[in-house]
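Encoded as structure tokens, the structure appears first; notes follow it.
The values are calculated or read from the model by the stated rules, or taken from the named source; none is laboratory data. Keep in mind it's a predicted model, so treat the numbers as computed, not measured. All Cβ positions, glycine included, derive from the backbone under ideal geometry; neighbour counts span all protein chains shown.
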Amino acid sequence: MTLKLLLTFNGVLGLLRKFYLNKINTRVTLKYRIFHPYYQQPIDPASRHFQIRMATPADLVSVAQIIAESFHSQKGMWGWAFPLLRLGIYEDLRHRMVSPTSRHVCLVALDYTTGANTLVGTVELGVRYSDSWSQVGLGFPYLSNLAVHPNYRRHGVASELLNSCEKISQEWGFKDLYLHVLENNHQARQLYFKLGYRVHKVESNWNTFLLRRSSQMLLHKDFGANSSI
């Protein structure tokens, strides 16, 4: 009898979990495919107008979609995992937003050109510590999840998001900013170098050798140095 109840309980939990996953992924898919302005006709880049602001809970679906598309492929053998990866990003963002720290922000870039307030890019800025577990010692500002929709790349969105993060970092009392970039991501490296970031160190781990993945470069920008912004 006890075993039968346990199996029934586990079955109910499984059904609830499946319902929850389907509900979130359906929200993301419908919002992106039906209501998302990315499928409109292209607009002349010179006529676009962007605004940077703090992200709100209503932005999370679009932010998760842009980050997932920027860092995960929907093609090949791993394409089936894309909805799960996107859901994980959504839940991580939601958790950080409902449990904010004093020095963490998520910014979004909006295209106001068509009047639709299209969300086209995002970035997060926080403070990291040399000892990430105890969070003691000297902290340093760290930028992550910089992502721009493919239709809006090379139009200045990433630069505006980076500039906003630099201003916030200075408001927090810091004089520099750090971020990671893959060594083989030449387009991103070109942008960062143009904006004054320099290589702090190149990091390798077991993934680099066993899975033949690119090394990560930790970049650093000193706000006091002469650099192009």
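Annotations
- Ala64 vs. criteria small (Gly, Ala, Ser) and in contact with a Phe, Trp or Tyr (Cβ under 6 Å, 6 or more places away or on another chain): yes
- Residue match in the range 204-221 (condition: within 25 Å of Leu93 (Cα to Cα), assigned to a strand (DSSP E or B), among the hydrophobic types (A, V, I, L, M, F, W, C) and at pLDDT below 90): no
- Subset of the range 70-92 [surrounded by 11 or more Cβ atoms within 10 Å (Cβ to Cβ), at pLDDT below 95 and either on the phi > 0 side of the Ramachandran plot or within 11 Å of the chain's Cα centre (by Cα) (or both)]: Ser70, Phe71
- Checking each residue in the range 50-104 for being in contact with a Cys (Cβ under 7 Å, 6 or more places away or on another chain) and either of a type in the set (S, T, N, Q) or more than 25 Å from Leu177 (Cβ to Cβ) (or both) picks out no residue at all.
- For the range 104-122, residues that are closer than 30 Å to Phe174 by Cβ and buried (at least 16 other Cβ atoms within 10 Å of the Cβ) total 11.
- The single condition from (1) polar (S, T, N, Q); (2) under 26 Å from Phe140 (Cα atoms); (3) outside any strand (DSSP E or B) that Ser62 fails is (2).
- All told, Leu125 meets the bar of being in contact with a Cys (Cβ under 6 Å, 6 or more places away or on another chain) and modelled with pLDDT of 95 or more.
- Test: residue in the range 147-169 that is modelled with pLDDT of 95 or more, under 18 Å from the mean Cα position of the chain (by Cα), within 20 Å of Glu69 (Cβ to Cβ) and aromatic (Phe, Trp, Tyr): no
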